[in-house]
Amino acid sequence: MKKKLVLWVTAAFTGLSCSTDAPETSEYRLEIPEVFEQYLIAPVIPADNPMTAEGIALGKRLFFDPILSGNQTMACAHCHMPENGFSERRRTSLGIAGVPGHRNAMPIFNLAWNFSDRFAWDGKEIGLEEQALEPVSNPLEMNADWEQVAQRLANHPQYPALFQAAFGSAPIDSILVVKAIAQFERTLISGNSKFDQYLRGEVSLSAPEQNGLEVFMDETRGDCFHCHGSPNNPLWTDNAFHNNGLDASFSDLGLGAVSGDPNDNGKFRTPSLRNLSYTAPYMHDGRFNTLMEVIDHYSEGLQYSPTIDPLMKSVAAGGVHLSPQDKSDLLAFLRTLDDAEFQSNPDHRPDRRP
Amino acid sequence: MNKKIPFLVLWVSTLLMGCSKTDTPTTQLQLQWKHSWGTAAVSSADLNQIQYPTAHGERLSVERLRYLVSQMVLVHQDGRELEVETPYFLMDLSESESLQISLGNDVPVGDYSELRFVFGFLDEDNLDGVYPDLNTANWNVPAMLGGGYHYLQLDGKFQQSDETPQQYNYHMIRAADRSDPDNLILQETAFEVVLGAFEVSEDGVLSIEMQLDQWFQNPYTWDLAQWNTMLMPNFDAQLKMKENGATVFRWYRP
């Protein structure tokens with residue numbers, strides 16, 4: 001299924017508006033993957049940040065431009081690389097000073113379907129626009145001053161016209177920057193994996209893949225579906241927060257540090273299982289380099305702590321103890337969630353500049 | 001689940017449909033869901049503390065509580081039935097918004113003989129994957145157990161004495177016997193709840209209480225050491241959950 005960008009020209013509407021500041025923008029409507037359309041509710045598009053072709057184009061350029069960082073050496077895409085499912089291979093990312101942060105860069109796709117609207121591993125950011133604010137000023141990441149960034153963009157030979165086209169004559173500021181980036185991020189949709197094709201009746205699963213699905217859905221074996229979705233929830237995440245038994249004590253409190261509630265200590269947002277082949281390493285701190293290490297964790301490596309999720313039901317035995325065959329088949333199934341079309345989509349790469 | 005569905009009330013009885021009832025005051029009727037363990041109120045502030053004693057002698061925590069009700073009907077004292085148009089509601093103890101639902105904007109004030117609803121989905125409604133909001137809420141039941149949706153998800157930990165707590169997952173679904181996976185035997189476990197006479201006053205608020213302790217004791221005294229996790233494929237456990245569900249709900253009387 002080829003994803004297309006559907007443009008709705010609304011120039012007449014905007015051109016006739018009372019405000020002379022209103023730009024003549026082209027409304028952009030996401031083409032929603034068939035399985036999302038069938039199984040999920042509509043994506044979240046904030047009323048105060050409607051998607052436009054101009055906003056997306058601006059957001060894409062900003063996403064790949066190091067102009068947002070303090071020393072202009074680092075773009076969002078330095079840690080959220082398209083070739084890695086918009087994550088990166090390093091366990092934790094390096095900021096502009098070469099100092100590593102303490103979390104693995106989360107993959108970026110299907111974010112418009114995060115209905116909790118809480119972003120980042122620890123849920124500290126409410127809303128996708130808000131999420132884009134923090135890394136720019138974070139001293140361990142891009143370490144920039146937003147006012148200086150805005151001034152830089154205003155003095156740039158091309159950006160003022162791009163902002164004008166997207167948002168009218170409003171002064172360039174952090175709010176407009178993150179609105180544009182969020183618009184671009186909402187276009188990063190992964191919905192054409194082999195398993196999506198299977199759901200559409202276009203391909204069959206192999207015997208190992210089919211058994212891997214059974215392991216995934218079987219409460220007496222993998223029981224992955226309670227947190228990671230199912231064929232009826234093709235996001236492959238519940239977008240909720242769980243302590244999945246990584247540690248007996250915590251060096252990173254996760255959601256607990258955000259909420260201040262000790263009952264949330266050690267809880268992190270469930271990542272999607274899509275595109276796992278491209279998004280290693282795994283977990284919030286990137287501790288696992290391979291998918292088999294992840295499976296081994298749930299099979300034999302669970303650690304008890306007071307906030308461990310009740311769904312980690314076999315913690316007393318160290319895990320669910322899958323057979324070698326079931327582990328191998330589970331891995332085969334997980335790879336059916338890779339979306340090669342998303343991975344190679346040229347619309348997700350930086351534009352060539354004149 | 002942030003998605004909200006507009007609520008309406010349908011008058012099922014046709015007796016008075018054509019009559020003018022403009023002199024009958026109506027209200028926007030809200031229904032609140034309360035939760036208790038014995039005499040203690042249970043709220044999201046109490047999550048995760050191992051504190052509730054079971055009839056069998058364990059103590060347990062409530063860390064996650066979600067449940068589904070459907071086919072809600074209000075029966076007026078004069079016999080008219082008001083069917084709530086919203087076909088089902090998913091409650092989540094951790095999301096306060098979900099615990100106050102609207103039953104309609106024009107519900108006549110007055111005396112009613114009963115309120116009834118189905119806990120879970122009857123088979124006719126328990127259709128696999130057809131409700132996008134429930135799919136999004138990760139509320140599905142695996143196809144190998146007949147598909148459809150959960151009715152109850154009650155998760156936590158329990159202790160018998162001072163040993164390391166164990167997990168429990170009290171998940172209620174349509175019972176499925178997988179003794180022969182190629183010939184799955186399904187048995188409905190959804191049940192009707194009927195609450196007696198009540199008044200709809202102009203303030204338009206009703207409250208129902210879920211007595212969580214009842215899930216573990218009446219009539220079947222639940223032994224968590226025996227049945228704690230992996231209960232979805234446990235046919236017998238599902239039937240016992242249905243039995244115990246009969247006394248779980250009542251009108252909330254503060």
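The values are calculated or read from the model by the stated rules, or taken from the named source; none is laboratory data. Please read these numbers as outputs of a predicted model, since none were measured by experiment. Reconstructed Cβ throughout: ideal geometry from the backbone, glycine too, with neighbour counts over all protein chains shown.
Given A:LEU205, A:LEU255, which one is among the aliphatic types (A, V, I, L, M), away from chain B (no Cβ under 11 Å), touching a strand residue (DSSP E or B) at 6+ places or on another chain (Cβ under 8 Å) and in contact (Cβ under 8 Å) with a residue 12 or more places away in the chain?
Working: A:LEU205 fails: touching a strand residue (DSSP E or B) at 6+ places or on another chain (Cβ under 8 Å).
Sole residue among the options that is among the aliphatic types (A, V, I, L, M), away from chain B (no Cβ under 11 Å), touching a strand residue (DSSP E or B) at 6+ places or on another chain (Cβ under 8 Å) and in contact (Cβ under 8 Å) with a residue 12 or more places away in the chain: A:LEU255.
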Exactly one condition in (1) over 30 Å from A:LEU40 (Cβ atoms); (2) buried (at least 19 other Cβ atoms within 10 Å of the Cβ); (3) away from every other protein chain (no Cβ under 14 Å) is not met by A:SER249; state its number.
-> (2)
Checking A:THR220 against (1) surrounded by fewer than 22 Cβ atoms within 10 Å (Cβ to Cβ); (2) more than 9 Å from chain B (Cβ to nearest Cβ); (3) assigned to a loop (DSSP other than H, G, I, E, B), which test does it fail?
-> (2)
Name the residues in region A:299-312 that are within 14 Å of chain B (Cβ to nearest Cβ) and either surrounded by fewer than 20 Cβ atoms within 10 Å (Cβ to Cβ) or of a type in the set (Phe, Trp, Tyr) (or both), would you?
-> A:GLN303, A:TYR304, A:SER305, A:PRO306
Can you tell me which of A:PRO33, A:PRO100, A:PRO107, A:PRO43 is within 30 Å of B:VAL130 (Cβ to Cβ) and in contact with a strand residue (DSSP E or B) (Cβ under 7 Å, 6 or more places away or on another chain)?
-> A:PRO107
Got a number for residues in region A:223-253 being among the hydrophobic types (A, V, I, L, M, F, W, C) and in contact with a Phe, Trp or Tyr (Cβ under 8 Å, 6 or more places away or on another chain)?
-> 5
Region B:150-249: strands (runs of 3 or more DSSP E) wholly inside it with 3 or more residues that are at pLDDT 95 or above, over 22 Å from B:LEU65 (Cβ atoms) and more than 12 Å from chain A (Cβ to nearest Cβ) are B:185-187, B:198-200
Considering only region A:25-60, how many residues are modelled with pLDDT under 95 and over 26 Å from A:GLN158 (Cα atoms)?
-> 3
